[in-house]
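Structure first, commentary second.
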2 protein chains.
Amino acid sequence: MPHGPEQLLLELFAIFVAAKLAGEFFERLHLPSVLGEIISGVLLGPYALGWISPSDSIYSIAEIGVIFVLFSAGLETGPDDLIRVGKKSLLVAVAGVVVPFVLGFAYMKWRGDASTEAIFVGAAMVATSVGITARVLGDLNVLSTQTAKIILGAAVFDDILGMVLLAVVAGLSSSAGLGWLHLTVLIVEAAAFALFMIFVAPGIVRRINPKVQRLSIQNAYFVVAIAICLLFSWLAAKIGMAAIIGAFFAGLVFADYAPQWGLRDRVIGITDFLAPYFFFSIGSRLNLHLLTKDVMIAATVVSALAILSKLLGCGLPLLREGWLPALRVGVGMMPRGEVALIVALIGLQSGIVTQSTYAIVVVMTGVTTLLAPPVLRHLWRDSLPS
Amino acid sequence: MPHGPEQLLLELFAIFVAAKLAGEFFERLHLPSVLGEIISGVLLGPYALGWISPSDSIYSIAEIGVIFVLFSAGLETGPDDLIRVGKKSLLVAVAGVVVPFVLGFAYMKWRGDASTEAIFVGAAMVATSVGITARVLGDLNVLSTQTAKIILGAAVFDDILGMVLLAVVAGLSSSAGLGWLHLTVLIVEAAAFALFMIFVAPGIVRRINPKVQRLSIQNAYFVVAIAICLLFSWLAAKIGMAAIIGAFFAGLVFADYAPQWGLRDRVIGITDFLAPYFFFSIGSRLNLHLLTKDVMIAATVVSALAILSKLLGCGLPLLREGWLPALRVGVGMMPRGEVALIVALIGLQSGIVTQSTYAIVVVMTGVTTLLAPPVLRHLWRDSLPS
C-alpha cells in the first residue's frame, strides 16, 4: 500500500481533533474557540512542540477552508446591507489604512531603518484579516448587526486598498520598480470587481434561478453556488486581490437565496470541517525561534501601534455613534493575517527586509490575531443581536 | 503574490464545473451523473485532451472526497441492517472473490503468462469499488432497499477478503516472500475491526451521546462525527485495509443518530463538494496510450471475465430470490476501482508485472467502472424503494 493516504488521514484527524479540543477548552474559559484553534497550531506546530508539521495538502485544504469561512460570512450579509453601510465602511477603511501605514512607517524610520524596510512594515500593518473577526462574530450570532456589517464592509474596502499597497511593495521589490500604469489597472480592476459583485451579480442570480430549478443533477442550487464561489475566489486571486474577497462577494450574491436554496447547512458542513485546518496552520506558521530581546521590543511597539492605529483610524470616524460601536469596529478591524505575512514574505524573499523585521511583522500578526477575539467577545458580552 | 493559491483555485473550479456539467449532460440522457464525472476526467485528463492534470492537492482532496462518499453511504445503512443481511452478504462476497480470481488466473496462464503475473491479474479482479455503486444507488434513492444493503454489506466483506489477497501479492512482490504469521495477523486485525464496528461501536456512541450534548463548541455532534470518521478511516488504512472501509463503518455507527444529530445535510454538503474530485481523478488516471491491439484483445477478454465472474459469483448465491435481485447484486459488485489499480501499481513498481499487463488491469477497471452505472440504473428503472 502506498504510504501517502495513511499519512494524510492521520494529519487530517490529528489537526481536526487538536483544533476542536483546544476550541472546546477556550469556549469553556469563555474565550472564542477560534483562538484555541490558532494556539493549538502554535503549540503543536513545527516551531514549538513540533508534533505536527502541516503538509502541502493541509495548506491547500486550509486555503479552501478560509474561502468557505468568508463564503459563509457573505451568505449572512447580503449586498443591500453592504450598500447601506457602504459610506461608513469606506470611511472606516480609508482611515484604517492611512493611520497604521503612517504610524508604522514613522516608527521604523525613527528607529533608524531604511525607507524601503519602513514601507514594508507600514504596508504589513494595513490589511485586516477579516476571517478571524467574521468567525468570532458568527460564533456570537451577531453577524446581522449594523456594527458587524460595517466591519465586514470596511474589511472589503480595506482589502482593496491593501491590495494597492501590496502592488506598491511588490513593485518596490522587483528590479523594474513600480509602474503607474500597472497600479492604475489594478485599482480599476478591483473597483470594477466590487461594483459588479454588489450591483450586477444579484440580478444575474435572480435571472438564472428558474434555470437552476430545471437542472437534473441532485442539489443543483448548492452545486451552482459552490461553482460560483470557486469562480469568484479564483477571479479575485487572478486580478491580484485576495481569493477570500471573491468568496465573500460570492456569499453576498447568494445571501438572499440561502434559505430558499437550502445553502446554509451544507455550506456550514464544509466550513466546520475545513476551517480548523486554516486556523491551525495560521498558528503553526508563527516562528517562535526568531524572537530575540531586541526584536521583541520593536515587535511590542509595532504591535501596540498596530492596535492603536486601527482603533484610531477605524474607531474615530464612528465616534458620533457612541464609544461602544466605535470600539467594536476598531477592535474588529484589528487582526492582521495572511496579507501581512505575504507582504513580509515578499520583502524577505527579495532581500529588502531583514530576518528581524520579518519576525516583527510575524509577531504583530500573532498579537493582533490573538488579542482581537477575546476583546471582541468582551465588547459584545451583554448585547443581543440588534 | 505567490502563484500557488491561484492555480489551486482554478483547478478546483475547472474540475468541479467540468464534472458537474458532464454529470448534468448524462442525467439528461438518463445515465448516472457519476459516469459523466468520470468521463469528464478521461477526456480532460492528461492522457486525452490534457487540459487538466490534477495536482497532488487535487488527489488529496479526491481521497477525502471518496471517504465522504462512503461515510454518506454508511449513514444511510445502519449496522442492524448489515447484520440482518450479513449471511447473504458474506456468501455473495466469498463467491464473488473466488470466481473472479480463478477465472482471471486461469485465462492469464492459458495465454502463456507467468504464474506471478496471473496471480496479480486475478487479485486485481477481486475487489469491488463500492464507491461508484453507492453513488448510483444513492442517486436512485434506493440505498434503503434490501438489495442495496446486500451489495454494501458484501462490498465490506469483499474488501476484507481483497485486503488479504493484497497482502498476498504484496508478499509476492517483496523479496522476503509472504509470511504466514503476517497474513494471519492481517486477517485477525480485519475481522476484529469489522466486529468491533458492527457490534461494539454503536453502544459507545449511545453512551457518549449525552456528553456531546454538553459540549460548548458549535455543531458539536457534527464535529464528533467527522472526527470519528477521520479516525476510523485512518485506522482502516493503518491496519492495511482501504481507508474507505473505515469511513463506511463510521457512517454505519452514526446511522441511527443522523436525523437527531442533524448530520445528513452537512455531510451531504461536504460529499457534494468533494466527491467530483474523486470521480474526475479516477477518470483522469485512465491512460489511453498504453492500448495496443494485442493488449486490447486481452483487456477485452479480462474485462468480460471480470463482469461475468462477479455476475456468477455474486448473483448465483441469490438466485433463489429471483433473477432481478441476483442481477442487481452481480452488477452492483461489478465495478473495480482503487484497489485494482493499487494491486496493478504494486506489481508494476516491483517489476513483476509488465506495462501491458498493467494496461489490461487499467482497462478492466475502466470498463467495469463505466459499465456498471448505466446497467444498474436500467435494472432499477421501474422500481420504487421497497
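Structural remarks
Each row is one residue, and each column tells you yes or no for (1) surrounded by 24 or more Cβ atoms within 10 Å (Cβ to Cβ); (2) touching a strand residue (DSSP E or B) at 6+ places or on another chain (Cβ under 7 Å); (3) closer than 13 Å to residue A:302 by Cβ.
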| site | (1), (2), (3) |
| --- | --- |
| A:321 | no, no, no |
| A:326 | no, no, no |
| A:330 | yes, no, no |
| A:340 | yes, no, yes |
| A:352 | no, no, no |
| A:361 | yes, no, yes |
| A:367 | no, no, yes |
| A:371 | no, no, no |
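- Search result, residues across the range B:194-211 that are open to solvent by less than 10 Å² (accessible area, probe 1.4 Å) and either within 14 Å of another protein chain (Cβ to nearest Cβ) or closer than 24 Å to residue A:33 by Cβ (or both): B:205
- Residues that are touching a Phe, Trp or Tyr at 6+ places or on another chain (Cβ under 6 Å) and either modelled with pLDDT of 90 or more or open to solvent by 30 Å² or more (accessible area, probe 1.4 Å) (or both) within the range B:10-36 comprise B:10, B:13, B:15, B:19, listed in sequence order.
- Filter pass, residue B:244 being within 27 Å of residue B:161 (Cα to Cα), part of a helix (DSSP H, G or I) and open to solvent by 10 Å² or more (accessible area, probe 1.4 Å): yes
- Any hit, the range B:285-305, residues being within 14 Å of chain A (Cβ to nearest Cβ) and not β-branched (Val, Ile, Thr): yes
- Single residue of the range B:78-126 satisfying the filter (open to solvent by 10 Å² or more (accessible area, probe 1.4 Å) and of a type in the set (Ser, Thr, Tyr)) that is modelled with the highest pLDDT: B:107
- Residue match in the range A:346-356 (condition: in contact (Cβ under 8 Å) with a residue 12 or more places away in the chain, under 24 Å from residue A:70 (Cα atoms) and assigned to a helix (DSSP H, G or I)): no
- Any hit, the range A:41-58, residues being open to solvent by less than 10 Å² (accessible area, probe 1.4 Å), within 27 Å of residue A:123 (Cβ to Cβ) and among the hydrophobic types (A, V, I, L, M, F, W, C): no
- Neighbours by Cβ (under 7 Å, 6+ apart or cross-chain): first from the range B:212-235, more than 7 Å from chain A (Cβ to nearest Cβ); second surrounded by 24 or more Cβ atoms within 10 Å (Cβ to Cβ) and small (Gly, Ala, Ser): B:228/B:250; B:229/B:247; B:229/B:250; B:232/B:246; B:232/B:247; B:232/B:250; B:235/B:246
- Residue B:142 being over 14 Å from the mean Cα position of the chain (by Cα) and modelled with pLDDT of 80 or more: yes
Yes/no per residue for (1) open to solvent by 10 Å² or more (accessible area, probe 1.4 Å); (2) within 23 Å of residue B:72 (Cα to Cα); (3) out of contact with any strand residue (DSSP E or B) (no Cβ under 6 Å at 6 or more places or on another chain):
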position: A:250; (1), (2), (3): no, no, yes
position: A:257; (1), (2), (3): yes, no, yes
position: A:263; (1), (2), (3): no, yes, yes
position: A:266; (1), (2), (3): yes, yes, yes
position: A:270; (1), (2), (3): no, yes, yes
position: A:280; (1), (2), (3): no, no, yes
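- Here residue B:162 fulfils each of the conditions (1) assigned to a loop (DSSP other than H, G, I, E, B); (2) modelled with pLDDT of 70 or more apart from (1).
The values are calculated or read from the model by the stated rules, or taken from the named source; none is laboratory data. What you see is a predicted model, and the numbers here were worked out from it, not measured in a lab. Glycine gets a Cβ as well: all are built from the backbone with ideal geometry, and neighbour counts include every protein chain shown. For accessibility, only protein heavy atoms count, side chains too; no ligands or nucleic acids. Shrake-Rupley method; radii C 1.70, N 1.55, O 1.52, S 1.80 Å.
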